[in-house]
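S.K.: Handing you a structure now.
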Amino acid sequence: MKAFLVEQIADKEFISGVKEVSIPKCGDNEVVIEVTYSSLNYKDALSSIGNPGVTRKFPHITGIDVSGIIFESTSPIFKVGEKVLVTGYDMGMNTDGGHAQYVKVPASWVARIPDSITDKEIMIFGTAGLTAALSVNELIEHEIIPESGDILVTGATGGVGSIAISILRKLGYNITAISGKKERVDFLKDIGANEVIFREDFEKQSNKPLLSEKYAGVIDTVGGTILANALKQVKYDGVVTSCGLTSSYELNTNVFPFILRGVRLIGIDSVECKLEKKQACWEKLASRWKINTLDTIVNEISLKEIKTAYEHLLSGKAVGRYVVKIKE
């Protein structure tokens, strides 16, 4: 089969590209999926350059998302021919991922694709869409409704940010987007942002422990100074979700937003969260949360185009989502 393979040729030197490798065989309670679509995520790009925080086992096939059809199964839960997807867990990290014609995973990682969504559409969502849905879900479960006020979305042109904006707009929220890409203002407004703030303006440091209340909720994908400044501007009883660190993993803040305004900071993990929680979000994304901007935010590529797309992701030039068509 064909696969996008990363190989280590020296201590800190890696090469990658499309190669022919053997089709994996099922072990106990495993499935082999014939892949139709996969997607690209920042974590995939890090894996492709040998980032030890993501992947330590080489040679390695990237791809933390996959959709397709059960090709072989030793699980009593899944039958050959069923449409399924996998996101998260160890797939694409130290277990070979979805950038291949076939992928083998434990049956416990597998979710069924809802009937009302295609395998391509669900990969446009992928881990980014699942993360966005989990974030939006936290706002709703903590009673942040459209009437509560504006929602701030950081890293807005990225996969999580762009999908979060689209979902929020469909649900009737007013959205302020933060982006460093000034040329993408029209794109952000097209997918649902009411206002766009440039990153360089929002990142300006303030020595004040609190700023004026502006946002009922925040979906943060970047961390660092942007998250710190956002926390200072959240309204009383507001909710902030944190799912990324593309700006920084550090958070220099103070306790005032939490003890004077009752702000809640909630971490979002789409990798190891319970399969039942994932399945519930997929059902929402396939039905009442399904957005009509999927074609706007997607770039469809082939296996041989992955390497160039990784360069765009790592350099911060990527916009929206990359979906990889595997089955011709």
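The values are calculated or read from the model by the stated rules, or taken from the named source; none is laboratory data. Predicted model, so just to flag it, every value in this text is computed and none were measured. Every residue, glycine among them, receives a Cβ derived from its backbone with ideal geometry; neighbour counts consider all protein chains shown. SASA here: full protein model, heavy atoms, side chains in, ligands and nucleic acids out. Shrake-Rupley method; radii C 1.70, N 1.55, O 1.52, S 1.80 Å.
S.K.: Among the residues of the range 319-328, which ones are open to solvent by less than 50 Å² (accessible area, probe 1.4 Å) and either in a loop (DSSP other than H, G, I, E, B) or of a type outside the set (A, V, I, L, M, F, W, C) (or both)? Walk me through it before giving the result.
M.R.: To start, the set of residues in the range 319-328 that are open to solvent by less than 50 Å² (accessible area, probe 1.4 Å) comprises 319-324, 326.
The answer is 319, 320, 321, 322, 326.
S.K.: Quick check on my filter: what residues within the range 62-83 are surrounded by 23 or more Cβ atoms within 10 Å (Cβ to Cβ) and either farther than 11 Å from residue 31 by Cβ or β-branched (Val, Ile, Thr) (or both)?
M.R.: Residues of the range 62-83 that are surrounded by 23 or more Cβ atoms within 10 Å (Cβ to Cβ), as a first pass: 62-68.
62, 63, 64, 65, 66, 67 - these are the residues of the range 62-83 that are surrounded by 23 or more Cβ atoms within 10 Å (Cβ to Cβ) and either farther than 11 Å from residue 31 by Cβ or β-branched (Val, Ile, Thr) (or both).
S.K.: Mind checking which residues of the range 248-279 are of a type outside the set (D, E, K, R), over 25 Å from residue 213 (Cα atoms) and either part of a loop (DSSP other than H, G, I, E, B) or open to solvent by 80 Å² or more (accessible area, probe 1.4 Å) (or both)?
M.R.: If the condition is that a residue be of a type outside the set (D, E, K, R), over 25 Å from residue 213 (Cα atoms) and either part of a loop (DSSP other than H, G, I, E, B) or open to solvent by 80 Å² or more (accessible area, probe 1.4 Å) (or both), then 270, 271, 273 are the ones that fit.
S.K.: Just to be sure before I move on: is residue 235 more than 30 Å from residue 90 (Cα to Cα) and either under 16 Å from the mean Cα position of the chain (by Cα) or touching a residue at least 40 places away in the same chain (Cβ under 8 Å) (or both) in the structure I sent?
M.R.: Against the criterion (more than 30 Å from residue 90 (Cα to Cα) and either under 16 Å from the mean Cα position of the chain (by Cα) or touching a residue at least 40 places away in the same chain (Cβ under 8 Å) (or both)), residue 235 qualifies.
S.K.: May I ask you to list the residues in the range 84-108 that are assigned to a loop (DSSP other than H, G, I, E, B) and open to solvent by less than 10 Å² (accessible area, probe 1.4 Å)?
M.R.: If the condition is that a residue be assigned to a loop (DSSP other than H, G, I, E, B) and open to solvent by less than 10 Å² (accessible area, probe 1.4 Å), then 88, 92, 97, 98, 99 are the ones that fit.
S.K.: What number of residues within the range 3-47 are out of contact with any Gly (no Cβ under 6 Å at 6 or more places or on another chain), in a strand (DSSP E or B) and among the β-branched types (Val, Ile, Thr)?
M.R.: 6
S.K.: What are the pairs, 6+ residues apart or on separate chains, where a residue within the range 242-257 that is within 25 Å of residue 159 (Cα to Cα) and small (Gly, Ala, Ser) has its Cβ under 6 Å from a residue that is open to solvent by less than 90 Å² (accessible area, probe 1.4 Å) and not in a loop (DSSP other than H, G, I, E, B)?
M.R.: 242/220; 242/267; 247/223; 247/224; 247/226; 248/223; 248/224
S.K.: Still on this model: Among 49, 113, which is the only one that is open to solvent by 50 Å² or more (accessible area, probe 1.4 Å) and among the hydrophobic types (A, V, I, L, M, F, W, C)?
M.R.: Selected residue: 49, the only one of 49, 113 that is open to solvent by 50 Å² or more (accessible area, probe 1.4 Å) and among the hydrophobic types (A, V, I, L, M, F, W, C).
S.K.: Same structure, new question: How many residues does the range 229-247 hold that are modelled with pLDDT under 95 and at positive phi?
M.R.: Of the residues in that region, 0 qualify.
S.K.: Next question. State the number of residues belonging to the range 294-318 that are crowded, with 20+ Cβ neighbours inside 10 Å and in a loop (DSSP other than H, G, I, E, B).
M.R.: 1
S.K.: Identify, from the list 289, 282, the residue that is crowded, with 17+ Cβ neighbours inside 10 Å, within 21 Å of residue 129 (Cβ to Cβ) and touching a Pro at 6+ places or on another chain (Cβ under 9 Å).
M.R.: 282
S.K.: Turning to a different aspect of this structure: Given the conditions (1) out of contact with any Asp or Glu (no Cβ under 8 Å at 6 or more places or on another chain); (2) open to solvent by less than 60 Å² (accessible area, probe 1.4 Å); (3) farther than 19 Å from residue 262 by Cβ; (4) part of a loop (DSSP other than H, G, I, E, B), and given that residue 245 satisfies all but one, which numbered condition is not satisfied?
M.R.: Status for residue 245: all satisfied but (2).
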